[in-house]
Amino acid sequence: MMREQKLWTWHVAAGLVILVLLGLHMVIMHLDAIVKISSLNPAGEEPVDWKNVAARGRMVFFAVTYVLLLGAALFHGLYGLRNILFELHPRAGLKTTLSVALLIVGFGLFVLGTWAAVAGFSLARSL
Amino acid sequence: MSETNAKTILYRVRRYDPARDAAPRWQDFTLPRTAGMTVLDGLWVIKETQDPSLAWRSSCRMGVCGSCGMVINGRPRLGCNTQVSELSADVVAVAPLPNFDIIRDLVPDLAPMFDAHGAVRPYVIRDDVEERENPSGEFGQSPHELEQYLQFSYCIKCGCCMAACPTYATDPVYSGPMPLAQAHRYNTDTRDGGFKSRKDMLGGERGPWRCHFAGECSRVCPKGVDPAKAIQLMKREMVLDYLRLRKGHVAASVVPKPSGVKRRPDIPEAPPRTA
C-alpha cells in the first residue's frame, strides 16, 4: 500500500541528483570560462579537447558520477513515463505488466550504461 | 453593462432524466431578472412558474451547506453564492458538476466523493478512548497550531474542487482534492494522533501522488480553501515520513481546568453533554 510513497520519494531524490550532476556538467562543459577548475580541464582551454576528455575519463570521480547520473536519470524518467502511462487508466493486470516491463528496460539500460562507463574508465586508464 | 439593464435573463439548463432521456440535453427558460437574484433563486423561479420537474440539490441558501454545487457558465460554483449580475452575461448556463454520474438534471451522484472522504478517516483519532468517550476537558492547542489547518477546515464538501480537478476526471482511483485536503487537515491537527492509520491509504495509489498541481481545485473553491496546497504539503509530509525526518506530534493532552479563579456571575456554566 505504501508503494507510491516510496517511489515518489526516490523520484524526488533522483531529480535532485540529476539537478546537481547536470549543474556540474554545465560548470565543466559550458561555464568553464567563468568557473575555472583547472584539474577538470588540465590540457587546454576547450573542455571537449581530447586530452581533457581523456583526463576526466581517468578519474574515478567521473566514472562514479556517470553511473550515478545514469541510474538517477533512468529511474526518474521511467517512473515519470510509468505515471503518464498509468493516467491512461490501464487495467490492473496491464499496470503490473507495464511496471515489470519498465523495470526490465531500466535495469537492462543501467547494466549496459554501467558497462560502458567502466569500459571507458578502463580504456582511459590504459592510454 | 447592457445585460444588467435587461429585465429578463435566459437560463440554459442541462436536463437529464435517466428514466426517459438517452443523453443530457439543454433547455432554455426566460425569466424576470430581479435585483440581488442568485442563480439558485432563478432555478426556484423556473420550478415554481415554468417547469416543476426541474431537479437540483440545495438547502441553506447561504453558502454553508455545500449542497448546490453546479457548473455555472463553465465554472463550478455554488448556486446560492453566485449572483446573476456578477456573471456579466446575458445567458446563465447551468449544468451538473462533471466527474460524477448524474442522478437527474442538476443532481450529481456524490457518493464516490464521500466514499473517498470516509476512507481517509476525516475525524480526530486518538488512543485515549476513555477521554474520547467521556471527555474531562479541552485538548490544548495554540493559535499557531490552529492556523496550520484552519483554512482546510472551512471546506463544505460541495464537490466543486472534484469537478474542476483534471486528474480526478480521468483517474477513478485518485481520491481527489477534497478527501486529500481533509486528510491533511486532520494529520496537521495537533489533537489528532491518526497519521499512521491514514498513512497506508495515502501512501498508495489513492494518495496525493497523481496530483499535477493544476491548481483548479483551489481556483474554484467557493470557500477560499486551497486544496492544492494541502496536497503538496501532504506530499512533503509523506516524503519526510519515508525518510524518517517527519516531525510527528503526540496527540495534545487535556488542558487542566483553571484553578483559583471564580466564575463571573454573568457567565453561565457550560450546558451538560448531549452526546
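Looking at B:R206, B:R219, B:R198, B:R236, which is the one that is modelled with pLDDT under 95 and not aliphatic (A, V, I, L, M)? Lay out the reasoning, then the answer.
On the way: B:R219 fails: modelled with pLDDT under 95; B:R198 fails: modelled with pLDDT under 95; B:R236 fails: modelled with pLDDT under 95.
Every option except B:R206 fails the conditions.
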Selection count, the range B:187-203, where residues are surrounded by 18 or more Cβ atoms within 10 Å (Cβ to Cβ), within 13 Å of chain A (Cβ to nearest Cβ) and either under 20 Å from B:R126 (Cα atoms) or in contact with a strand residue (DSSP E or B) (Cβ under 9 Å, 6 or more places away or on another chain) (or both): 5
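For B:V64, are the conditions met, namely being crowded, with 17+ Cβ neighbours inside 10 Å and out of contact with any Pro (no Cβ under 6 Å at 6 or more places or on another chain)?
On the way: crowded, with 17+ Cβ neighbours inside 10 Å: no; out of contact with any Pro (no Cβ under 6 Å at 6 or more places or on another chain): yes.
The answer is no for B:V64.
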Taking the range B:227-255 and keeping residues within 10 Å of chain A (Cβ to nearest Cβ), among the charged types (D, E, K, R) and more than 26 Å from the chain's Cα centre (by Cα) leaves B:D241
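Of the residues A:R82, A:R56, A:R125, which is part of a helix (DSSP H, G or I), at negative phi, basic (K, R) and surrounded by fewer than 14 Cβ atoms within 10 Å (Cβ to Cβ)?
Working: A:R82 fails: surrounded by fewer than 14 Cβ atoms within 10 Å (Cβ to Cβ); A:R56 fails: surrounded by fewer than 14 Cβ atoms within 10 Å (Cβ to Cβ).
Selected residue: A:R125, the only one of A:R82, A:R56, A:R125 that is part of a helix (DSSP H, G or I), at negative phi, basic (K, R) and surrounded by fewer than 14 Cβ atoms within 10 Å (Cβ to Cβ).
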Take residues that are more than 26 Å from B:S67 (Cβ to Cβ), basic (K, R) and touching a residue at least 12 places away in the same chain (Cβ under 8 Å) and tell me which of the helices (runs of 4 or more DSSP H) falling wholly in the range B:127-220 contain 2 or more. B:195-202
Enumeration of residues in the range B:204-226 that are within 14 Å of chain A (Cβ to nearest Cβ) and among the hydrophobic types (A, V, I, L, M, F, W, C): B:W209, B:C211, B:F213, B:A214
Identify the residue in the range A:1-15 that is of a type in the set (A, V, I, L, M), surrounded by 15 or more Cβ atoms within 10 Å (Cβ to Cβ) and closer than 19 Å to A:T96 by Cβ and, among all such residues, is farthest from the other protein chains (Cβ to nearest Cβ). A:L7
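The values are calculated or read from the model by the stated rules, or taken from the named source; none is laboratory data. The structure presented is a predicted model; accordingly, all values stated were derived computationally and were not measured. Cβ coordinates were reconstructed from backbone atoms using ideal geometry, including for glycine residues, and neighbour counts include every protein chain displayed.
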